[in-house]
Amino acid sequence: MDIVKNYCDTVFPFLWVRKEDKETIKKEIDAIFNASINSFVVESRPYSLDQSDFGTESWFDRFGYILEYAKSKGMHVWLLDDRSYPTGSANGMINKKYPHLRAKQIKCNSSDVVLGNSPKCVLTGIKANTNDKLLFAYIKGDGYESELSVNEKDEIIALPNIFGTFRVYFLIETEDCPERDGYIDMLNPESVDVLVKEVYEAHYNKFKEYFG
């Protein structure tokens with residue numbers, strides 16, 4: 001019996017929510033309960049982010065029903081802390097309200113060059129009219145290597161007056177990361193404050209009687 005009890009207390013299946021009606025949700029919770037599982041995690045799982053109603057009144061009505069019905073069966077409920085997995089969109093508010101907190105990444109561009117008598121310039125990979133920043137540049141080849149002097153918005157830089165074949169490396173901070181578009185900058189403490197405000201506090205204000 002102890003093994004069964006421990007199993008029931010530690011298995012947390014996901015209840016995916018996609019605007020289902022309450023009767024469908026009730027059947028899904030019953031299926032979890034009838035499998036002798038006492039806890040589950042609610043996850044907003046829209047087919048696409050623009051179809052999510054997470055954090056709206058329709059969501060709160062449906063989630064409130066889930067909490068009420070689970071309580072009537074003595075079950076514990078957890079909530080995945082954002083409108084979709086993985087956490088970090090702050091309920092889709094980053095691009096709308098907090099663009100300065102957009103996720104950033106460091107990428108490395110490189111360019112092969114042949115240098116001779118005439119001066120030579122090279123494109124850095126910085127994109128115009130963006131928040132891209134050139135952090136570092138380095139040239140190496142034919143027995144020569146050196147850091148290059150740059151400004152963070154340089155789209156083109158001049159290369160040293162040297163001879164031979166070289167590779168130039170550029171480290172760029174960019175928000176151009178499609179797989180994390182609209183996600184928070186994980187290195188900025190303000191991002192956590194926004195996530196708490198847009199998700200945690202919004203749900204706490206509605207359902208504080210259910211919180212531990």
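Annotations
- Whichever residue in region 1-52 is closer than 30 Å to ASP181 by Cβ and charged (D, E, K, R) and, among such residues, is modelled with the highest pLDDT: GLU43
- Close pairs from region 65-83: first over 16 Å from ARG45 (Cα atoms), partner in a loop (DSSP other than H, G, I, E, B), Cβ under 6 Å, at least 6 apart: MET75/ASN38
Yes/no per residue for (1) of a type outside the set (Ser, Thr, Tyr); (2) out of contact with any Lys or Arg (no Cβ under 8 Å at 6 or more places or on another chain); (3) within 30 Å of LYS22 (Cα to Cα):
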| residue | (1), (2), (3) |
| --- | --- |
| VAL41 | yes, yes, yes |
| ARG45 | yes, no, yes |
| TYR65 | no, no, yes |
| LYS71 | yes, yes, yes |
| GLN105 | yes, no, no |
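- Take the conditions (1) under 14 Å from SER111 (Cβ atoms); (2) open to solvent by less than 20 Å² (accessible area, probe 1.4 Å); (3) aliphatic (A, V, I, L, M); (4) in contact (Cβ under 8 Å) with a residue 40 or more places away in the chain; ILE184 misses just one of them, which is (1).
- All of GLU28, GLU57 fail the test of being of a type outside the set (A, V, I, L, M, F, W, C), open to solvent by 60 Å² or more (accessible area, probe 1.4 Å) and within 27 Å of the chain's Cα centre (by Cα), apart from GLU57.
- Among the candidates ASP132, ASP112, residue that is of a type in the set (Asp, Glu), on the phi < 0 side of the Ramachandran plot and open to solvent by less than 80 Å² (accessible area, probe 1.4 Å): ASP132
- Within region 100-155, the set of residues being among the β-branched types (Val, Ile, Thr) and more than 31 Å from the chain's Cα centre (by Cα) comprises VAL113, VAL114, VAL122, ILE139.
- Taken as a whole, region 149-166 holds no residue that is surrounded by 17 or more Cβ atoms within 10 Å (Cβ to Cβ), small (Gly, Ala, Ser) and touching an Asp or Glu at 6+ places or on another chain (Cβ under 9 Å).
- Here the strands (runs of 3 or more DSSP E) wholly within region 118-166 that include at least 2 residues being aliphatic (A, V, I, L, M) are 121-123, 133-141, 156-158.
- Some residue of region 97-111 being closer than 30 Å to ASN34 by Cα and among the hydrophobic types (A, V, I, L, M, F, W, C): no
- Taken over region 167-193, the criterion of being assigned to a loop (DSSP other than H, G, I, E, B) and over 20 Å from the mean Cα position of the chain (by Cα) is satisfied by no residue.
- Among the residues of region 160-180, just one is of a type in the set (A, V, I, L, M) and modelled with pLDDT under 95, namely ILE162.
- Checking the stated criteria, ALA202 turns out not to satisfy the condition of being in contact with a Leu (Cβ under 6 Å, 6 or more places away or on another chain) and either open to solvent by less than 50 Å² (accessible area, probe 1.4 Å) or not in a loop (DSSP other than H, G, I, E, B) (or both).
The values are calculated or read from the model by the stated rules, or taken from the named source; none is laboratory data. Predicted model, so just to flag it, every value in this text is computed and none were measured. For neighbour counting, all protein chains shown are included, and Cβ atoms are generated from backbone atoms with ideal geometry for every residue, glycine included. These accessible areas exclude ligands, DNA and RNA; they are computed on the full protein's heavy atoms, side chains included. Shrake-Rupley method; radii C 1.70, N 1.55, O 1.52, S 1.80 Å.
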